[in-house]
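K.L.:
The structure is given below, and queries will be raised subsequently.
Here, each number is a calculation from the coordinates, and none is a lab measurement. Model, not experiment: these values are computed from the prediction. Here the Cβ positions follow ideal geometry from the backbone for every residue, glycine too, while neighbour counts run over all protein chains shown.
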Amino acid sequence: MISFISFFYEGGLHVGCVSENKTYELPHKDMRECIESGFDCSEKKEIRGIDYKLKAPLMPPKIIGLGWNYAEHNKELKSSDSKPIVFLKPPTSVIGPNEAIILPRISNQVEHEIELGIVIGKKGKHVDSPEALEYVAGYTIILDITARDLQWEARKKGDPWDICKGLDSFAPIGPCIVPKEYVPDPGNLAMELKVNGQTKQKSNTKEMIKKPPEIVSYISGYMTLDIGDVIASGTPSGVGPIKDGDVIDSEIEKIGSMRNYAINE
């Protein structure tokens, strides 16, 4: 398997790939260009002995969230909605592995949500489900961090969710992008999130109400999907609060694991 990363060293952001425990630098200027190239590794150069910092694998043009896509999570939040909710998270919400989730002063209840991130590889609108995976480049982990108290207020008023979902640092993405050919069944991946070593969310993407092809098709009916967009495909049950000093570990089968921590603003 080969995965694709972005990392920081010598004052700049670089794109690379990891294969058989070796890390290579690629000449692409950013991950979007790498995706457009079809994840071309023909000019890779192995890097050794370099102290680099892993970053979010890409900065998406937009992050599209899908709410109410796991039945058990819908029950725990007492949702009676009959169809998924679509919302947006801004690029300013993106952080990478080993970076801090900032707990904002305007919220008293910030919660974790582990989700499969679907990375778009081809521009499309009104995509049919049978063809939807042709528009997918690969998969990553995304945490849809949520100010739950602000969300409850929004739900009562019928307001959009963008504020409670889109605060700074509320979209950790990483540790990499795994091309779709290495994830033949994205609708059957084990996933787990731990807080301070204690499992809080443990499920499988087979519990999704809408599967990845349906998700891509559904969202493309509302808006054009662009190269590098990331769809946060919904979270399973077990969501809960995080507080200052907490360490959050997330893992999805075939993709990898990511660690973040929480600090007060």
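K.L.:
State, in angstrom, two size descriptors of the range 179-220 derived from its alpha carbons: Rg to one decimal place and Dmax to the nearest whole number.
P.N.:
When restricted to Cα atoms, the range 179-220 yields Rg and Dmax of 12.9, 38 Å.
K.L.:
The chain: longest stretch without exposed trypsin sites (Lys or Arg not before Pro) (DSSP loop, at most 16 other Cβ within 10 Å), sites themselves excluded?
P.N.:
Answer - 126-242.
K.L.:
If we count other beta carbons within 10 Å of each Cβ, what is the order of Ile242, Ile63, Ile102, fewest first?
P.N.:
Result, fewest neighbours first: Ile102, Ile242, Ile63.
K.L.:
Taking loop as defined by DSSP and a crowding limit of 10 other beta carbons within 10 Å, which chymotrypsin sites (Phe, Trp or Tyr not before Pro) in the range 182-265 fit?
P.N.:
The qualifying sites: there are none.
K.L.:
Of all DSSP beta bridges in the chain, what percent run antiparallel (nearest 5)?
P.N.:
The antiparallel proportion sits near 85 percent.
K.L.:
Further, regarding this structure: (i) 54, 44, 28; (ii) 57, 46, 35; (iii) 58, 40, 32: which one is Cα extents along the principal axes in Å as calculated from this entry?
P.N.:
(i)
K.L.:
Shifting gears a bit: I need to check one value: relative contact order of the chain, counting alpha carbon pairs closer than 8 Å and at least 6 residues apart, in percent.
P.N.:
In percent, rounded to a whole number, it is 26.
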